[in-house]
Amino acid sequence: MTQAQTSRVTNTAFLLLGVLLIAISLRSPITGVGPLLEQMREQLNLSATQAGMLTTLPLLVFAFFSPIASKLGRQLGLEQALMVSLICILLGVIARSSGSLTGLFAGTLVIGVGIAIANVLLPSLMKRDFPTKVATITSIYVLMMGIGSALSASLAIPMMHLANSLSITIIPSWAFALGGIIIFPIIAILIWLPQIRNHTTPTQDTLALDSHSYIWHSAAAWQLTLFLALNSFLMYTFISWLPTILVDVGYSHERAGVIHGLLQLFTAVPAIFMIPIMAKVKDKRPLSFGLTLLVLGSILGFICLPSMAVLWSMMFGFGAGGGFILALTLISIRTRDPHQAGALSGMAQCLGYLLAASGPVLIGALHESSGSWTQPLLLCACINVLWGIFALFASKSEVISPPIAREAEQVRLESETLS
């Protein structure tokens, strides 16, 4: 192997490692909040609405910032924009861990901006740098997201107890626990630095690319968007409320936190199985529909037999995590180039997270009005049925074409018919 080939392999390895470390930081800042929610409410005198906003606020930021993230990637370049996302996450974690109410919400907002940038731009980067291995790389980085979120959720309560045992009084124990994930963005920033050095300034034609506004008029794009949206609605509802649900049916806070972490871990498990499957299965509709059925079974299990919450959490995590992997993969394989992928990713995540943001608030309000978790979980089951319907439409294999390309294809077919 020549020196140039060795250099290319090394650069690719560092690029892939950087992507995986970014992935660890994309969900862990959110999943650690749920187990600590009661402690934060008590010490900061948060209302139920304010507590719900701690999970909802990042999703609203995802929704409104996602279209901007696509433009930021074109103007700065993917590498620089992803570095900006990591810095935002780092600063947000620091602010949120200050222990004050202002820092808590300001930090949460800044974290949301950072995650939104990476959520939108990573599919575009993978389309550009790993065009033949999109499904494999997507599965691996979702696996890392699941590992990071599982660690954050499972260690939140033990980290709070550690702060108490060490008599740390500078910041509240819950703030110390939230700050424990700061190691993730710090390491990711250090590993991503070489990508900044090797970055090539975007060419003028890249900066002048159109906005792919036709995406918003595409039925296929809307089907994929709703597939991701309903998946996210269910995912973030359970991320927010599962610990509370479990405590209300008799589990301890520590046990509820561990089961919550188990759900997060199992969102990553599908990556192990889907890496070989995604490459071999051309028609992904049976796979996507099967994942929705798995989640439906888990929701009904939480209603009918909560004593088996460990099993239901694993089923939910596997189905919802697999659906998320599939949605991200479809964004890449159903688009023609990185720019179209970025535009579709921006649309899907803007509307998807806007709907997802309503999940924790809606389910929480329904629980307060009904006094039980049965009605909220039945609503989740109904949402799951809709998710299954859109899974069949979104998982088709046709590539989304611009209007000009579709018109040209129609002319070609008409010409062949006449001849």
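Pop the C-beta distance of Leu311 and Val249 into the FRET formula with R0 = 22 Å and round what comes out to the nearest 0.05.
Values: r = 14 Å, r/R0 = 0.66.
Efficiency for this residue pair is about 0.90.
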Check your understanding: What's the carbon and sulfur percent of the chain's accessible surface, probe 1.4 angstrom, rounded to a whole number?
Key -> 68
Revision key, fill the gap. Everything considered on the Cα gyration tensor (a ≥ b ≥ c; rounded for a/c under 1.5, else prolate if a/b is larger than b/c, else oblate), the chain must be described as oblate
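Might you report the magnitude of the Cβ-based charge dipole of the chain about its Cα centre, with Lys and Arg at +1 and Asp and Glu at -1, to the nearest 20 debye? If you can, show how the numbers build up before the last one.
On the way: 20 positive and 16 negative charges, 123 e Å.
In total the dipole reaches around 600 debye.
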**Study point:** Net charge of Cβ neighbours under 13 Å - reference Phe289; Lys, Arg +1; Asp, Glu -1
**Key:** +2
Study note, to complete from the structure: Tilt, helix 269-280 to longest principal axis of the chain (alpha-carbon atoms), in degrees rounded to tens, equals 10
Practice item. Give me the angle, in degrees from 0 to 90, between the Cα long axis of helix 78-96 and the longest principal axis of the Cα atoms of the chain, rounded to the nearest 10. Key: 10
Review point. Do the sum for the chain: with -39,500 (n - 2.57) for every DSSP H run of n ≥ 4, divided by all residues, what is the mean residue ellipticity at 222 nm, to the nearest 500 deg cm²/dmol?
Key: -27500 deg cm²/dmol
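List, in the order given, every pair from Lys71/Lys284; Lys133/Lys284; Lys71/Lys127; Lys71/Lys396 whose Cα-Cα distance in the structure shown is over 25 Å. The partial results should precede the final answer.
Details: Lys71/Lys284 31 Å; Lys133/Lys284 17 Å; Lys71/Lys127 17 Å; Lys71/Lys396 28 Å.
Lys71/Lys284; Lys71/Lys396, as the Cα separations exceed 25 Å there.
For the chain, with every protein chain kept in place, what is the accessible area per residue (1.4 Å probe, Å²)? The partial results should precede the final answer.
Working: 17240 Å² over 419 residues.
Solvent-accessible surface per residue comes out at 41 Å².
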Check your understanding: For the chain, what relative contact order do you get, as a whole percent, if you take Cα pairs closer than 8 Å and at least 6 residues apart?
Key -> 25
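What full-extension length gain, to one decimal in nm, is calculated for Cys304 and Thr169 as 0.36 nm per residue of separation minus the Cα-Cα distance?
44.3 nm
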Revision key, fill the gap. Between Ser370 and His161, Cβ-based FRET efficiency (R0 35 Å, step 0.05) works out to 0.60
Point to revise | Leading residue at positive end of dipole, the chain (Cβ point charges), from Pro243, Ser358, Thr31 | key: Thr31
Exercise for review: Rounded to the nearest 10 degrees, what's the angle between the helix 309-333 long axis and the longest principal axis of the chain, both from Cα atoms, 0 to 90?
Suggested key: 30
Exercise for review: Could you calculate the FRET efficiency of Asn11 with Glu398 from 1/(1 + (r/R0)^6), where r is the beta carbon distance between them and R0 is 30 Å, rounded to 0.05?
Suggested key: 0.30
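The values are calculated or read from the model by the stated rules, or taken from the named source; none is laboratory data. Predicted, not measured: the structure shown is a model, and the values here were computed from it. Because the Cβ atoms are built from the backbone with ideal geometry, glycine has one as well, and the counts that use them run over all protein chains shown. Areas reflect the complete protein model, heavy atoms only, side chains present, ligands, DNA and RNA absent. Shrake-Rupley method; radii C 1.70, N 1.55, O 1.52, S 1.80 Å.
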